[in-house]
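Enquirer: What follows is a single structure, and I will ask about it in a moment.
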Amino acid sequence: MSEKISQIVEELKTLTLLEASELVSAIEETFGVDASAAVGGGGMVMAAAGPVEEVEEKTEFDISLDEVPADKKIAILKIVRGITGLGLKEAKELVESAPKVIQEAVGKDAAEDAKKQIEEVGGKVSLK
C-alpha cells in the first residue's frame, strides 16, 4: 500500500459514524456511484459493518491514575516518573493528586503497558 493510501486509511479511522456516513454520501455524489448497488442488498450490510468497527475502535487513550494506596505510593511514583518523564517533584504532586490523568493521547499498547505496570504495584488505573 502506498504512503498516500496509508495516510487516508489512518484519517478514516478517526471519523465518527456520522462523518463516515457523510463521506460515503459525498463519494456517491461526486463520482456518480451507488455503494449499495455495487455489493447488492444483503452484502451492503456486511460491507458497512467492517468500516464501522474501524471507525469506532479507539487508538489513543488517556491514562488516569484513579487510586494510590499509601503503602504503594513510592513504587507508583517511580513508574509514573518513568512513563511521563517528569521530575521527582512533579511526579510526586501528580501521584498525590489522584484521581488524575497522568498522560493524554497515548497509543493503545503504551497505555495498556502503563496500566499493567501501575496495577502490578498496587495502583488503580483506568484508560479513557
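The values are calculated or read from the model by the stated rules, or taken from the named source; none is laboratory data. Owing to the predicted nature of the structure, the values given are computational and were not obtained by experimental measurement. Here the Cβ is made from the backbone with ideal geometry for all residues, glycine too, and neighbour counts use every protein chain on show.
Enquirer: Taking the stated definitions as given, is Ala98 at pLDDT below 90 and either surrounded by 13 or more Cβ atoms within 10 Å (Cβ to Cβ) or more than 30 Å from Val9 (Cα to Cα) (or both)?
Expert: Yes: the conditions hold for Ala98.
Enquirer: Could you check segment 59-78 and list, in sequence order, the residues that are under 23 Å from the mean Cα position of the chain (by Cα) and either without any contact (Cβ under 8 Å) to a residue 40 or more places away in the chain or surrounded by fewer than 20 Cβ atoms within 10 Å (Cβ to Cβ) (or both)?
Expert: Within segment 59-78, Thr59, Glu60, Asp62, Ser64, Asp66, Glu67 meet the criteria.
Residues are listed down the side, and each one gets a yes or a no for (1) modelled with pLDDT under 85; (2) under 28 Å from Ala105 (Cβ atoms); (3) in contact with a Phe, Trp or Tyr (Cβ under 8 Å, 6 or more places away or on another chain):
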site: Leu17; (1), (2), (3): yes, yes, no
site: Val24; (1), (2), (3): yes, yes, no
site: Ala38; (1), (2), (3): yes, no, no
site: Gly42; (1), (2), (3): yes, no, no
site: Pro51; (1), (2), (3): yes, yes, no
site: Phe61; (1), (2), (3): no, yes, no
site: Leu77; (1), (2), (3): no, yes, no
site: Ile83; (1), (2), (3): no, yes, no
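Enquirer: Run Gly107 past the list (1) surrounded by 18 or more Cβ atoms within 10 Å (Cβ to Cβ); (2) of a type outside the set (A, V, I, L, M, F, W, C); (3) modelled with pLDDT under 90 and report the number of the one that doesn't hold.
Expert: So the condition that Gly107 fails would be (1).
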